[in-house]
Amino acid sequence: MLLSSFFVGNAVATITGARSFLDPLAALLCVAAIELAIRVRRPLLQRRGDPLGLQLLDMTRIGFSYGLLLEGFKLL
């Protein structure tokens, strides 16, 4: 999950970087997706039982963020 979300984050940054007119919209959608994942995380923390859903959500969020960050550093 971590690797696949890293590739998605990297692909989003690459595609929107090549087509520069979509940059503000893509940035807004990426930030909204990461914020949504953070807000979904709180009820999963309070739930008892298997934390697999929480771990998958965290891996997805971290991989996506890292993919965007790494692509941003490549553009500098």
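Tabulated results
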item: Derived scalar couplings ³J(HN,Hα) [region 62-76; Karplus, 6.51 cos²θ - 1.76 cosθ + 1.60; whole Hz; x for Gly, Pro]; result: 5, x, 5, 4, 5, x, 5, 5, 5, 5, x, 5, 5, 7, 6
item: Along principal axes, Cα extents of region 2-75, largest first, whole Å; result: 45, 21, 15
item: Charge dipole magnitude, Cβ of K and R +1, D and E -1 - the chain, Cα centre, debye nearest 20; result: 240 debye
item: Mean separation of Cα contacts under 8 Å, 6 or more apart, over the residue count of the chain: relative contact order %; result: 60 percent
item: Under 12 Å, Cβ to Cβ, from GLY67 - net charge with Lys/Arg +1 and Asp/Glu -1; result: +1
item: MRE, 222 nm, helices only [DSSP H, n ≥ 4, -39500 (n - 2.57), over the chain, to nearest 500]; result: -30000 deg cm²/dmol
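Since every read-out is calculated from the coordinates, none of them should be taken as a lab result. Source: prediction; values computed, not measured. Here Cβ is always computed from backbone atoms with ideal geometry, including for glycine, and neighbour counts include all displayed protein chains.
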